[in-house]
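> A single structure is presented below for examination.
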Amino acid sequence: MRGPEHQEPAYVIHRRPWRETSLMVDVFTLNHGRMTVIARGANSARSPLKAQLQPFQPLMLDWSGRGDLKTLTHVDIRTGPSLHRTASLYSGLYLNELIQRILPAADPHPTLFAAYIDAIAELAETSDIEPVLRRFERAFASALGYDFAWDVATDTGQSVEAGAQYCYDPEQGIVAAPSQGVRLKNLQGDVLLALAEGDLATEACRRTAKRVMRVLTDYLLQGRPLHSRSLFSHLRGERHES
């Protein structure tokens, strides 16, 4: 990787203590993708960096170093949205976990970076989080080469028919016939056609999209857990009790 970098747009996706007073910070950047920087002294009481290096905060970063682990040298904060609602905050943490756990390091994805900015802005404004998550998941899948069309069965090359049922294979997308890689069956053709038109309003479309994207993210995670899912489960439990 190159040496010093100046004014690189970035978001913090995770941070943890490093040595006695520093932080190791995973960031998602416009031109360098996911990477890790060391914020020296940022974990001390007097350092302003600890408050600046927060998730969902638009940042402009300077760093130096020629190895894979860079040293943060300067941080500028930009104005951005705030995730005040609990569900929106958990959703943002979910997006960050996808990036941290799945996205390869040092692999730039400008389109996904733009999709992340849009998702954070939407989560700050709406209480209807599901369409926001589904759109980002599709952008994430596309960035990793796992995009697919809702209305085409890849095993036959034929268009999806409203009265038929289909399956989902993470490596192929929508397929007409079960195969070894199929993870979901009995997907309704009319629902897939509606999803192809961008319909995320009906309960049937939301349920199918969530099932498919859950299977895909689990496939990409390869058994690694997402802590944000347990947060969502706890939130749903609180709502049920109330």
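> Anything in the stretch 38-65 that is under 24 Å from SER91 (Cα atoms), without any contact (Cβ under 8 Å) to a residue 60 or more places away in the chain and among the hydrophobic types (A, V, I, L, M, F, W, C)? List them, or say none.
ALA51, LEU53, LEU59, MET60
> Do we find a residue being open to solvent by less than 20 Å² (accessible area, probe 1.4 Å) and within 20 Å of PRO108 (Cα to Cα) anywhere in the stretch 38-51?
Yes, the stretch 38-51 has at least one match.
> Evaluate the stretch 78-97: report whether one residue or more is open to solvent by 60 Å² or more (accessible area, probe 1.4 Å), under 17 Å from the mean Cα position of the chain (by Cα) and not acidic (Asp, Glu).
yes
> Here's a follow-up. Identify the single condition in (1) over 19 Å from ARG78 (Cβ atoms); (2) open to solvent by less than 50 Å² (accessible area, probe 1.4 Å); (3) of a type outside the set (A, V, I, L, M) that TYR116 does not satisfy, given that it satisfies every other one.
(1)
> Now for a separate question. Mind listing just one residue for me: the one in the stretch 170-179 that is more than 22 Å from LEU103 (Cβ to Cβ) and open to solvent by less than 60 Å² (accessible area, probe 1.4 Å) and, of those, modelled with the lowest pLDDT?
SER179
> Residues that are farther than 26 Å from TYR166 by Cβ: list the helices (runs of 4 or more DSSP H) wholly contained in the stretch 178-241 that include at least 3 such residues.
227-241
> Here is a follow-up. So, of the residues in the stretch 130-157 that are among the hydrophobic types (A, V, I, L, M, F, W, C) and closer than 11 Å to LEU216 by Cβ, which turns out to be surrounded by the fewest Cβ atoms within 10 Å (Cβ to Cβ)?
By that ranking, first place goes to LEU144.
> Any chance you could count how many residues in the stretch 200-219 are open to solvent by 20 Å² or more (accessible area, probe 1.4 Å) and in contact with a Phe, Trp or Tyr (Cβ under 7 Å, 6 or more places away or on another chain)?
Total meeting the criteria: 1.
> Only one of (1) of a type in the set (Phe, Trp, Tyr); (2) assigned to a strand (DSSP E or B); (3) within 25 Å of GLU97 (Cα to Cα) is not met by TYR166, so which one is it?
With (1) of a type in the set (Phe, Trp, Tyr); (2) assigned to a strand (DSSP E or B); (3) within 25 Å of GLU97 (Cα to Cα) applied to TYR166, the lone miss is (3).
> To continue, here is another question. With respect to ALA121, determine if the residue is crowded, with 20+ Cβ neighbours inside 10 Å, not in a loop (DSSP other than H, G, I, E, B) and not hydroxyl-bearing (Ser, Thr, Tyr).
Answer is no for this residue.
> What is the number of the single condition among (1) open to solvent by 60 Å² or more (accessible area, probe 1.4 Å); (2) without any contact (Cβ under 8 Å) to a residue 40 or more places away in the chain; (3) under 19 Å from PRO17 (Cα atoms) that ASP68 does not meet?
(2)
> What's the number of the only condition in (1) open to solvent by 10 Å² or more (accessible area, probe 1.4 Å); (2) modelled with pLDDT of 95 or more that LEU61 fails to meet?
That leaves (1) as the condition not met.
The values are calculated or read from the model by the stated rules, or taken from the named source; none is laboratory data. Every value quoted in this text rests on a predicted model; they were computed, and no experiment measured them. No Cβ is skipped: glycine too gets one built from the backbone with ideal geometry, and neighbour counts run over all protein chains shown. To get the accessible areas, we keep the full protein, side chains included, count just its heavy atoms, and leave off ligands, DNA and RNA. Shrake-Rupley method; radii C 1.70, N 1.55, O 1.52, S 1.80 Å.
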